[in-house]
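See structure below.
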Amino acid sequence: MIHDIAVIGAGMAGASIAAELAAHARVLLLEAEDAPGRHATGRSAAFWEECYGGPGIVPLTRASGAYLAQHGFLTPRGALYVGRAEDRAAMDAFRQSYAGTGVTIERLAPEALGTRVPHIRPQWSEALHQPACADIDVAGLHQHYLAQARRAGVGTVTRARVAELRREGGVWTIATVRGETFRAARIVNAAGAWADEIARLAGVRPIGITPLRRTVAVLRVDPPAPADLPLVIDVNGGFYFKPDAGRLWLSPHDEVPSEPCDAAPEELDVALAIDRFQAVTDWRIAALEHRWAGLRSFAPDRLPVYGPDPAEPSFVWFAGQGGFGIQTAPAAARLARQIVLGEGADAMTAGIDPAPYAPVRFAPAHDVQSG
C-alpha cells in the first residue's frame, strides 16, 4: 500500500498533524520507541503561557488557547515574572516586547508579590503578572490526538526507527531498523530532536535544528506549596517553578546542547536549580524527590519550521518547536495541514502569518524550486 503521507514521530507534533491530515489523506504514523510520547512530550513542564517562546510564538499560542480550553485541557494558573530592583529595566523591556500582541501583562505591586509567592526573599520586589497562564493536561492532549488519528484510519507503527529513506518514481520508501518497509507519496518530518537526522537520511539539507537539554527537579518543601501558587519565572531566564500536589517543579531554565538521545539530568544542573531557588526564596527543601531532563529542539532563529522543503517539496518539515510545541499544538497542526494541502486559513489560523515559519528562510537561493 502507498500512503499519501507518512508522519515520522508520534510525539505531540506527529500525533497532532496526523490527526489533522487524516480526514483528507491516507496517513501512516511511525514511532521509533515502544510507545508514542516518550521524549519531549512526556517530559513537558505542562503549562500554557502566552509569553513563552517570545513574541514570534504568540500567534500560535493564542490561536491554540480556545481549542485547549474548549476540550478541557487547561486549568487556570497565572504566571509571575519576577526580578530585583536592578531588573526594572529588563522588566520594562520584556513588557514592551509584547506590545500589540494581545497579551495581557500587568505590573504587580511589591506587597502583592509576597502574598502570591510565600517565602520569596525581599530583594525580589519586581513582578509582572500574566493572568492567562494555565496548566496543560499534556497526556490528555496527546491521547486526544492519537485517538482522533486512530478513528480517522491512521495506522500507528511503534518500534519503527527509520534506517533508510529513498525516493523513486514519486514515492518514498521508508525502511526501518527492524527490516519493515513502508511507502508514501510524502513525508512529514515530526521527529523532534531527530529532525535533522531524518533529513539527512532523506538526502535533504539539514536546517540546523539543535536539541537542548532542560532539567526539572521535583522538591518536597516545608510548608507544602499552595495549590494556587502561580508559575514563577525569573525575568532574566535563570529559573522557573510551579506547584504540583504540594511539591514544586523547579528548573534552572538550562539549555545545554545535546545529541538526540534519551536525555538524563546532570547532577550539576540539579544543584544549580536548587541554588537559584534558594537565592530567590527561603522555603525549606525537605527532599529532592525526583529529577528528569528532556530535549527541546530549536531551529537557528528559534522559530518553528512548518512546510515543504524548498528543494524537495515532498519532504515536509514540522519541527523545531522548542519548549512551546505542546502549548501551540492545535494551531501549529492546523496551520501545517493547511500548508500541506494548499488550503486557506480558517477561524483558528486566520491571525497567523505562515511566512516566518517556512523552511525556505534557511535555503540557499539555488535550492529553491521555482513554480
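The values are calculated or read from the model by the stated rules, or taken from the named source; none is laboratory data. Quick caveat, the model's predicted, so the values are computed rather than measured. No Cβ is skipped: glycine too gets one built from the backbone with ideal geometry, and neighbour counts run over all protein chains shown.
Assorted remarks:
- In the set LEU212, LEU231, only one residue is within 19 Å of ARG116 (Cβ to Cβ) and either buried (at least 20 other Cβ atoms within 10 Å of the Cβ) or under 18 Å from the mean Cα position of the chain (by Cα) (or both); that residue is LEU231.
One line per residue, one yes/no per condition, for (1) closer than 17 Å to VAL82 by Cα; (2) of a type in the set (D, E, K, R); (3) surrounded by fewer than 16 Cβ atoms within 10 Å (Cβ to Cβ):
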site: VAL216; (1), (2), (3): no, no, no
site: LEU219; (1), (2), (3): no, no, no
site: TYR240; (1), (2), (3): yes, no, no
site: SER251; (1), (2), (3): yes, no, no
site: ALA264; (1), (2), (3): no, no, yes
site: ARG284; (1), (2), (3): no, yes, yes
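A quick yes/no check of all residues on (1) more than 27 Å from ALA350 (Cβ to Cβ); (2) touching a helix residue (DSSP H, G or I) at 6+ places or on another chain (Cβ under 8 Å); (3) in a loop (DSSP other than H, G, I, E, B):
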position: GLY37; (1), (2), (3): yes, yes, yes
position: TYR67; (1), (2), (3): no, yes, no
position: ARG88; (1), (2), (3): yes, no, no
position: ALA93; (1), (2), (3): yes, no, no
position: ALA99; (1), (2), (3): no, no, yes
position: ALA132; (1), (2), (3): no, yes, yes
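- Within the range 83-102, the set of residues being closer than 22 Å to GLY56 by Cα and either surrounded by 14 or more Cβ atoms within 10 Å (Cβ to Cβ) or small (Gly, Ala, Ser) (or both) comprises ALA89, ALA90, MET91, ALA93, PHE94, ARG95, SER97, TYR98, ALA99, GLY100, THR101, GLY102.
- Restricting attention to the range 103-124, the residues that are among the small types (Gly, Ala, Ser) and at pLDDT 95 or above add up to 0.
- Residue that is modelled with the highest pLDDT [pool: residues in the range 320-371 that are crowded, with 21+ Cβ neighbours inside 10 Å and at positive phi]: GLY320
- Of residues in the range 276-297 being more than 19 Å from the chain's Cα centre (by Cα) and hydrophobic (A, V, I, L, M, F, W, C), the one nearest to ALA40 (Cα to Cα): LEU288
- Within the range 76-88, residues that are touching a residue at least 24 places away in the same chain (Cβ under 8 Å) and acidic (Asp, Glu) reach partners that are surrounded by 13 or more Cβ atoms within 10 Å (Cβ to Cβ) and in a strand (DSSP E or B) with beta carbons closer than 7 Å, at six or more positions or on different chains, in the pairs ASP87/GLU126.
- Of the residues making up the range 101-125, those that are assigned to a loop (DSSP other than H, G, I, E, B), in contact with a strand residue (DSSP E or B) (Cβ under 9 Å, 6 or more places away or on another chain) and of a type outside the set (Ser, Thr, Tyr) are VAL103, ILE105, ALA109, VAL117, PRO118, HIS119, ARG121, TRP124.
- Among the candidates ARG200, ARG205, the residue that is free of Cβ contacts under 8 Å to residues at least 24 places away in the same chain, basic (Lys, Arg) and either crowded, with 23+ Cβ neighbours inside 10 Å or over 21 Å from ALA25 (Cβ atoms) (or both) is uniquely ARG200.
- Any hit, the range 35-45, residues being β-branched (Val, Ile, Thr), crowded, with 23+ Cβ neighbours inside 10 Å, in contact with a strand residue (DSSP E or B) (Cβ under 6 Å, 6 or more places away or on another chain) and more than 22 Å from HIS129 (Cβ to Cβ): no
- Lone qualifier among LEU146, LEU165 - being over 19 Å from ALA69 (Cβ atoms) and in a helix (DSSP H, G or I): LEU146
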